[in-house]
Amino acid sequence: MALYLCIALCVAAAVCDIRFRRIPNALCAAIALSAIASSYLAGGLTLLGLCALHALAVLLVGMGLFAGGLIGAGDAKMYSSLAFAVLPSQALQLLGWISAAGLVVLAAMAIAKRLKGVPLREMGKSFTVPFAVPIAAGFAITVLS
């Protein structure tokens with residue numbers, strides 16, 4: 001049940017990211033709590049500890065990417081929150097699905113902009129991608145497969 005709550009919260013985060021290009025901290029905290037519950041219920045403290053190491057690694061990499069201006073802080077926090085619910089053996093699968101979904105979202109947005117006649121870069125800046133969408137999709141595919 002906690003896993004389905006994680007997915008529902010991911011959908012809420014994706015909607016926030018699409019609408020406002022922001023993922024609220026409270027939503028990331030709720031995702032983390034439900035992911036922690038899911039991990040604990042699936043394997044007790046041992047699994048929770050392994051998943052916590054995964055989440056910490058994801059957070060450190062994500063904050064590095066944020067510092068480099070490559071992703072938003074909310075994206076890094078959301079991904080690391082979800083890492084609590086993913087078995088360490090599924091970490092690369094999760095990253096792969098998120099990456100694949102991210103490419104699909106990026107391509108769809110670029111095509112839509114081109115069809116509308118909107119330039120991909122305006123005033124030296126390219127458009128932003130609501131990355132909570134591919135994070136949510138990648139998470140759902142990973143845990144439900």
(Q) Given (1) more than 23 Å from ALA12 (Cβ to Cβ); (2) β-branched (Val, Ile, Thr); (3) at pLDDT 95 or above, identify the lone condition not met by VAL118. (A) (3)
Q: Residue by residue through the range 88-143, note down the ones that are of a type in the set (Val, Ile, Thr), open to solvent by less than 70 Å² (accessible area, probe 1.4 Å), farther than 23 Å from TYR40 by Cα and touching a residue at least 24 places away in the same chain (Cβ under 8 Å).
A: ILE98, VAL105, VAL129, VAL133
Q: Please specify each residue of the range 86-129 satisfying the condition of being touching a Cys at 6+ places or on another chain (Cβ under 9 Å) and either part of a strand (DSSP E or B) or not hydrophobic (A, V, I, L, M, F, W, C) (or both).
A: PRO88
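Return the residues of the range 59-79 that are part of a helix (DSSP H, G or I) and touching a residue at least 40 places away in the same chain (Cβ under 8 Å); say none if nothing qualifies.
At the first step, the residues of the range 59-79 found to be part of a helix (DSSP H, G or I) are 59-67, 73-79.
Those that are part of a helix (DSSP H, G or I) and touching a residue at least 40 places away in the same chain (Cβ under 8 Å): GLY74, ASP75, LYS77, MET78, TYR79.
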Q. Counting only residues that are of a type in the set (Val, Ile, Thr) and in contact with a helix residue (DSSP H, G or I) (Cβ under 7 Å, 6 or more places away or on another chain), which one in the range 58-75 is most open to solvent (accessible area, probe 1.4 Å)?
A. ILE71
Q: Residue by residue through the range 6-45, note down the ones that are open to solvent by 50 Å² or more (accessible area, probe 1.4 Å), of a type outside the set (Gly, Ala, Ser) and in a helix (DSSP H, G or I).
A: VAL11, VAL15, ILE18, ARG19, PHE20, ASN25, LEU33, ILE36, TYR40, LEU41, LEU45
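The values are calculated or read from the model by the stated rules, or taken from the named source; none is laboratory data. None of these values were measured; they are calculated from a predicted model. So basically every Cβ, Gly included, is an ideal-geometry build from the backbone, and we count neighbours across all protein chains shown. Each accessible area value is taken on the protein alone, full model and side chains, heavy atoms only, with ligands, DNA and RNA left out. Shrake-Rupley method; radii C 1.70, N 1.55, O 1.52, S 1.80 Å.
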